[in-house]
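Notes for the one structure printed next.
Coordinate-derived values only; no laboratory data. This one's a predicted model, so the numbers in the text were calculated from it and none came from an experiment. For neighbour counting, all protein chains shown are included, and Cβ atoms are generated from backbone atoms with ideal geometry for every residue, glycine included.
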Protein chains: 2
Amino acid sequence: MIEEETLPFEAHLELRAQSVEALLRRLLDERILPGEIVRPGTLLAAMRHGVLNGGKRLRPFLVLESAALFDADGEAALRVAAALECVHCYSLIHDDLPAMDDDDLRRGQPTVHRAFDEASAILAGDSLLTYAFDIIADEATELPAQRKLDLVLGLSRAAGIGGMAGGQALDLEAERKRPDETGIITLQAMKTGALIRYGCEAGAVLAGAAPADRERLAEFGSAIGLAFQLADDLLDLTSNAETMGKATGKDAAAGKATLVGLHGANWAQDQLHGLVEQAHLLLEPYGERAALLKDAASFVANRRN
Amino acid sequence: MIEEETLPFEAHLELRAQSVEALLRRLLDERILPGEIVRPGTLLAAMRHGVLNGGKRLRPFLVLESAALFDADGEAALRVAAALECVHCYSLIHDDLPAMDDDDLRRGQPTVHRAFDEASAILAGDSLLTYAFDIIADEATELPAQRKLDLVLGLSRAAGIGGMAGGQALDLEAERKRPDETGIITLQAMKTGALIRYGCEAGAVLAGAAPADRERLAEFGSAIGLAFQLADDLLDLTSNAETMGKATGKDAAAGKATLVGLHGANWAQDQLHGLVEQAHLLLEPYGERAALLKDAASFVANRRN
């Protein structure tokens, strides 16, 4: 038997992804919860299509590892991780709609509105977003009530008008009105940064960690959120649809303003190095226990798809 | 000065609507909350368009009156009422989309995707749904943590796949595959019944009322939810677009199965009387204090628009 510690980072990521996937599969089965009447088959299938699709489960990984850093309950952390993934997947389903980014492919598979129809995709996204709060609030998530409320509140702020959804609105506006550098940074901090930051912070919240630890993890999340977006912009420039499992080169084609477009690929590589260094420095106080989270920062900056 | 008790029901409804509207206006201003980055102007305007539109605020009324029945804190009840209205308005915005019911008018005004665009309407709905959980979980809602969690959980169950969103999915399916009577009842209990039931139950939850009271109010909500839908189906048959402020006669035109279509208008009138009687009976134990809630049942059954 191979000891877990000797595995490469990708194998750790994959192990956590399997746990999250198993829970998501259970959460999205046909059994109804108290207060539910029925789970209509087509809608449930559309939700499963949008969620159970072999994603890397990076955001759940961040929840699980930051929770482990502060010895939070593993089962509760897994449920919060699954809730966050539901929000991430809802956002992808809605972003892919014809009225938004109009994408036919996601991870090499037809997007939800292509595999089903637009109405089902809208409702599947709505239902996943709603379900995320259910998963956290449910008694099966064994945490003190106030911590669960903090997790609900953090998730709604990260996902709503002042976070992810607001960032998507700014992104759509940016196609008409090119934002300046500050505008791009704000847009990206909201559109992709907010949920990643929340994922890292959530682990500390789950464990009832000290405010300083919570803030440190949130800052770590902000750094890798920025790195994630820079790497994404670089990939859009250099990769192809086969590697990415989705359409690429769209930013340039759409004339979309990105920091990479503004400053060039070399500048972006330098920035990425700086952000990884900053992320590692933030975790210094936790020593070896934070090794996997540090690896996650490097992974995000260097990923190839 | 006119004493409140001598006012007709509609005036009471209007008074409560004004309080709810004032709070919604404050909640949807440009000030950001901790954890939010910015509130993009266009998205905020689309949310306001979908919410601040002179609605009757029936669901908030039910929250406020059922909360008052058990002496719940009025300010907390108002916030929960506003949260429920955000969920109701999100559902209208998404239902009106071209991929769903494709409506151009709502309360005599252009729907959100007509006044703005489809992407803004999708994101405005998403953001309102997200915000509803924020409003309940926020510390400004002064309630014990476990009660707030119960309210979050109840709202997510009422709005999600096993409630309103699932009901909308069944409704879309019903255009292809005519449901039988049981199917129609399930569909309506989910699509319109679940949120109305939740509104009535939420008052009891807010106050920490006994489980029997909570169940009684929920049953009251189910009865008036059924009455609401029957009255709606009758109105669709007999009213016109001018009175309703939205397109009418659509059910028959779409060949949509309704209980009114199945059993006729006279049967529906008899049912309505029975439901109102049942609703009043459920509130008997609360005597005169429940007078306005009883009036609400009659109002729902007899409304003309």
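For A:Gly54, the distances from its label point to the matching points in the remaining copies are 5.4 nm, ordered from shortest, with each point set 7 Å beyond Cα toward Cβ. Other protein chain C-beta atoms within 10 Å of residue C-beta, averaged over B:132-145: 5. Summing charges over neighbours of B:Leu128, with a neighbour being any other residue whose Cβ is under 12 Å away from its Cβ, gives -3 when K and R count +1 and D and E count -1.
Mean silhouette area of the protein assembly as shown, derived from the convex hull of its C-alpha atoms and averaged over all directions, reads 27.8 nm². Ascending distances from the B:Ala212 label point to its copies in the other chains, with the point 7 Å along the Cα-to-beta-carbon line: 5.4 nm.
Within the listed set B:Ala140, B:Ala72, B:Ala227, the residue fluctuating most in the Gaussian network model of chain B (springs between alpha-carbon atoms under 10 angstrom) is B:Ala140.
Result for chain A in a Gaussian network model with C-alpha springs under 10 Å: among A:Phe228, A:Phe116, A:Phe61, the largest mean-square fluctuation is at A:Phe116. Think of chain B as having a plus end and a minus end, set by charges on the Cβ of Lys, Arg, Asp and Glu; of B:Gly274, B:Ala159, B:Leu123, B:Leu123 sits farthest toward the positive end of this dipole. For the range B:4-302, the dipole from Cβ point charges (+1 on Lys and Arg, -1 on Asp and Glu) about the Cα centre works out to 340 debye, to the nearest 20. Summed over qualifying helices (DSSP H, 4 residues or more, each -39500 (n - 2.57)) and divided by its residue number, chain B shows a 222 nm mean residue ellipticity of -21500 deg cm²/dmol. If you run the Gaussian network model on chain A, springs between alpha carbon atoms under 10 Å, then out of A:Ala223, A:Ala231, A:Ala265 the most flexible one is A:Ala265.
For chain A, hydrophobic long helices are taken as DSSP H runs at least 18 Å long by C-alpha position along their axis with mean Kyte-Doolittle hydropathy of 1.0 or more; these are A:118-137.
Chain B has one residue whose beta-carbon comes closest to the axis relating it to chain A; that residue and its distance in whole Å are B:Ala145, 2. Diagonalising the gyration tensor over the Cα atoms of chain B and scaling each eigenvalue by 5 before taking the square root yields semi-axes of 27, 26, 18 Å, largest first.
With the highest mean first, a sort of the peptides A:81-93, A:272-284 on other beta-carbon atoms found within 10 angstrom per residue produces A:81-93, A:272-284.
The count of lysine pairs in chain A with alpha-carbon distances below 28 Å, taking only pairs 8 or more places apart or on different chains, stands at 18. The same position A:Pro110 in the other copies lies at 3.4 nm from this copy, comparing label points 7 Å beyond Cα toward the beta-carbon, shortest first.
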